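Remarks on the structure that follows.
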Amino acid sequence: MGIRDIMRLDVMSVWLVLSVVVVAAGVFYLYSLILRHLAKTTVRNKVVLITDSLSTLGNECAKLFHTGGARLILCGSNWEKLETLAERLMSDSDPTLTFPPKLVELDFSNMESVPEVISEILECYGCLDVLIFNSSMKVKAPVQCLSLEMDRIVMDVNYFGPITLVKGVLPSLISRRTGHILLVNSIQGKLTVPFRATYAASKHAVQAFFDCLRAEVQEYGITVSTVNHTFIKTPSTNSTDEITAKSVWTDFKPKSLGVTPKEMATELLGTLSSKKKEILMARSIPKAALYVRSLFPNLFFAIMAAGVRNTAAVEIPDD
C-alpha cells in the first residue's frame with residue numbers, strides 16, 4: 001500500500017468521524033426539540049405544585065415546567081430563596097409564553113402549619129392539576145444512635161407531611177375528577193440497607209400509602225405515579241440534614257448508580273405524559289438487589305449483615 005493510499009484512508013477516516021459527530025449532533029438537536037414540544041403539550045396551562053422547589057431536583061423541575069407554560073406553585077422552607085428562584089425563572093423566559101410562579105412557604109417539619117398552607121395553596125389558582133412530592137430528609141446512623149425525636153422529624157417530613165397535604169387537596173381533585181399525583185421516592189421505599197432504618201421506614205410508609213391511594217382514586221380519573229430512584233447526584237455528597245455513621249454502606253455511593261437532577265426532571269415530565277403508575281430509575285446493581293431480596297431473602301440478609309462494620313467513630317451508649 002502506497003503513501004497516497006494511506007493518506008486516502010486517513011482522509012476517509014476523518015470524514016467518517018465527522019459524519020458520526022454531525023449525525024449525533026442532529027439526533028441530539030431533534031431530541032431537544034421533541035422534549036420542548038412534550039413540555040409544552042404536557043404541562044401547558046396546568047397548575048403544577050412542587051413541594052420542595054429549592055432542592056436541586058425542584059429547581060430542575062421548576063425550570064422545565066415553567067418553560068413549558070405551567071402555572072407553577074413553588075413551595076419551600078425559605079421565602080427569600082423562593083423569591084430568588086421565581087425571579088430567575090422569569091428573567092430567563094419569555095413573559096408572553098409563561099406565567100409568574102406563585103410562592104408558598106412550606107416546611108413539613110412544622111406539621112402545625114400545614115393545614116394553613118393547604119388553604120393558601122388552594123387559593124393560588126382555585127385548583128390543582130399536578131402535585132409533585134419531592135420533599136425528603138435523609139438520616140444515616142445506627143438505630144441506637146438516633147433519638148425518637150429525630151425519628152418523628154424524619155417521619156413528619158417524609159411521610160406525615162406529604163399525606164397530610166394530599167388529604168387536604170384530595171376533595172378538590174375528586175370534585176374535578178382529574179389530577180396527577182406524583183411521588184418522588186427513594187429505592188429504599190422498596191429495598192433497605194443498614195444504617196438507614198428510620199429513613200427506609202419513612203420511605204416504605206409513604207410508598208405504601210401512595211400505592212393504596214392509586215387504587216382508591218382511579219375511579220375519579222386521578223392518576224398516582226411513584227418514581228423510585230437510587231440517589232440524585234448533587235454538588236455536595238451530604239446534606240445538612242444527614243447524620244452519618246461510617247460503614248461500608250454509608251461510604252459506598254458510586255456516581256454511576258445515581259441519576260442527575262436533569263434526568264429525573266425529564267423522567268417526571270415523561271411520566272406526566274405517559275401516566276405510568278410506577279417507574280424504577282436504577283442501574284443494574286440496585287435492580288439486581290431487588291430481585292435477590294424477593295427471590296433469595298436469606299442471601300440478601302447475609303450480604304447486608306456482612307457489609308456492616310463498626311468503627312471507633314460510632315459509640316454505643318450504655319443504658
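The values are calculated or read from the model by the stated rules, or taken from the named source; none is laboratory data. Since this is a predicted model, take the numbers as computed values, not measurements. Positions of Cβ are generated from backbone atoms using ideal geometry, with glycine treated the same way; all protein chains shown enter the neighbour counts. These area figures cover heavy atoms from the full protein model, side chains too; ligands, DNA and RNA do not enter into them. Shrake-Rupley method; radii C 1.70, N 1.55, O 1.52, S 1.80 Å.
Things to note:
- Only one entry in V193, V157 is part of a helix (DSSP H, G or I), of a type outside the set (F, W, Y) and either open to solvent by 10 Å² or more (accessible area, probe 1.4 Å) or touching a Lys or Arg at 6+ places or on another chain (Cβ under 8 Å) (or both), namely V157.
- Looking only at the stretch 162-190, and only at residues there that are polar (S, T, N, Q) and out of contact with any helix residue (DSSP H, G or I) (no Cβ under 7 Å at 6 or more places or on another chain), the one that is surrounded by the fewest Cβ atoms within 10 Å (Cβ to Cβ): S175
- Of all the listed residues (L72, L106, L146), the sole one being surrounded by 15 or more Cβ atoms within 10 Å (Cβ to Cβ) and more than 22 Å from the chain's Cα centre (by Cα) is L146.
- The set of residues from the stretch 75-103 being among the small types (G, A, S), open to solvent by less than 50 Å² (accessible area, probe 1.4 Å) and closer than 21 Å to M137 by Cα comprises just one member, G76.
- If the condition is being open to solvent by 100 Å² or more (accessible area, probe 1.4 Å) and either under 14 Å from L191 (Cβ atoms) or aliphatic (A, V, I, L, M) (or both), then the stretch 288-300 contributes Y291, L295, F296.
- In this structure, K246 qualifies as in contact with a Ser or Thr (Cβ under 6 Å, 6 or more places away or on another chain), among the basic types (K, R) and either open to solvent by less than 20 Å² (accessible area, probe 1.4 Å) or at pLDDT below 95 (or both).
- Residues in the stretch 262-287 that are open to solvent by less than 60 Å² (accessible area, probe 1.4 Å), at pLDDT below 90 and not small (G, A, S): 2 in all.
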